[in-house]
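Participant: Sharing a structure with you now.
The values are calculated or read from the model by the stated rules, or taken from the named source; none is laboratory data. Predicted model only: the values in this text are computed from it and were never measured. Using ideal geometry, Cβ is built from the backbone for each residue, glycine included, and neighbour counts are taken over all protein chains shown.
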Amino acid sequence: MNILSLYYHLKLTNAGSNSEVVFHLRDKNGFYIESIKNGHISGRTTSSPITGLALEMIKNEAYTDTNYLVNYRGVSKKGDFLKSSTYFIKNSDGYLEGLICINTNVSDYIAVKHLLEELSSFRPIDEEPIAIEQAKEYSLKLNDNVMDEHQNKTDDKIEYFSHSIEEIIYNIIPEEKLRDKSLTPSDRKEIVSTLNDSGIFSMKGSVPIVAEIMQVSIPTVYRYIKEVKNN
């Protein structure tokens with residue numbers, strides 16, 4: 001990690017209380033959160049895993065053709081809407097050493113946008129005035145519409161923030177399937193193959209967790225990974 005990258009990270013931590021700045025580093029065991037500023041935005045800590053979308057970026061080597069991906073949508077565990085950006089930290093050979101991720105809570109801005117649109121619109125003159133009760137109902141409906149609009153946009157990827165590696169794993173493969181005692185070695189190898197394709201094993205500490213869930217040894221999981229990669 002070069003000094004310039006660290007300097008930029010320190011500068012970015014002054015982005016304001018409404019923005020979260022996460023510094024991911026990579027070591028021989030995978031990616032992990034080295035430091036986080038304003039973790040209340042996504043609810044994460046330094047013990048939290050890298051996101052599924054970030055894993056996908058790494059798996060697909062999105063960093064080879066660009067130094068950043070900006071202004072994509074995110075949703076926090078609390079349901080807040082986030083405007084997210086990721087900056088790739090690479091060495092002189094193009095090897096990915098880390099990530100700087102910035103997530104800004106824009107929920108209030110989106111709500112204000114819709115409110116301004118309503119306030120600046122006009123009602124037909126022959127319509128009845130809106131009663132207080134109707135206004136309250138409309139306010140609730142407006143909040144629902146904001147949520148629907150944000151989540152129904154399927155043209156782009158949305159980043160969701162998990163608090164544990166297990167949570168990410170269970171989003172890929174159901175927990176009951178992973179803990180099924182009737183799984184054969186072939187079944188377990190297929191599961192490891194699916195997890196490997198998702199980039200799970202790029203996360204630091206993921207192998208022991210997968211081993212514990214499937215009730216096999218850590219060396220067994222490493223063997224499955226090696227076999228999958230050699231096929």
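Participant: I need the full set of residues from region 189-200 which are touching a helix residue (DSSP H, G or I) at 6+ places or on another chain (Cβ under 6 Å) and on the phi < 0 side of the Ramachandran plot, in order please.
Facilitator: Lys189, Val192, Ser193, Asn196, Ser198, Ile200
Participant: How many residues, within region 77-99, are of a type in the set (Asp, Glu) and assigned to a strand (DSSP E or B)?
Facilitator: Selection size over region 77-99: 1.
Participant: For region 159-191, give me each residue that is charged (D, E, K, R) and either in a loop (DSSP other than H, G, I, E, B) or within 30 Å of Leu82 (Cα to Cα) (or both).
Facilitator: Glu159, Glu166, Glu167, Glu175, Arg179, Asp180, Lys181
Participant: Take region 184-208 and flag every residue that is surrounded by fewer than 19 Cβ atoms within 10 Å (Cβ to Cβ) and among the β-branched types (Val, Ile, Thr).
Facilitator: The answer is Thr184, Thr194.
Participant: Scanning for something at pLDDT below 90, charged (D, E, K, R), surrounded by fewer than 20 Cβ atoms within 10 Å (Cβ to Cβ) and assigned to a loop (DSSP other than H, G, I, E, B), does region 69-76 turn up at least one residue?
Facilitator: no
Participant: Give the number of residues within region 191-231 that are of a type in the set (Asp, Glu) and without any contact (Cβ under 8 Å) to a residue 24 or more places away in the chain.
Facilitator: Total satisfying the criteria: 1.
Participant: Here's something else I'd like to know. Return the total of residues in region 213-228 being part of a helix (DSSP H, G or I) and either surrounded by 13 or more Cβ atoms within 10 Å (Cβ to Cβ) or of a type in the set (A, V, I, L, M, F, W, C) (or both).
Facilitator: Filtering region 213-228 for residues part of a helix (DSSP H, G or I) gives 213-214, 218-228.
Pick out the ones that are also either surrounded by 13 or more Cβ atoms within 10 Å (Cβ to Cβ) or of a type in the set (A, V, I, L, M, F, W, C) (or both) and you get 213-214, 218, 220-225, 228.
Counting residues in region 213-228 that are part of a helix (DSSP H, G or I) and either surrounded by 13 or more Cβ atoms within 10 Å (Cβ to Cβ) or of a type in the set (A, V, I, L, M, F, W, C) (or both) gives 10.
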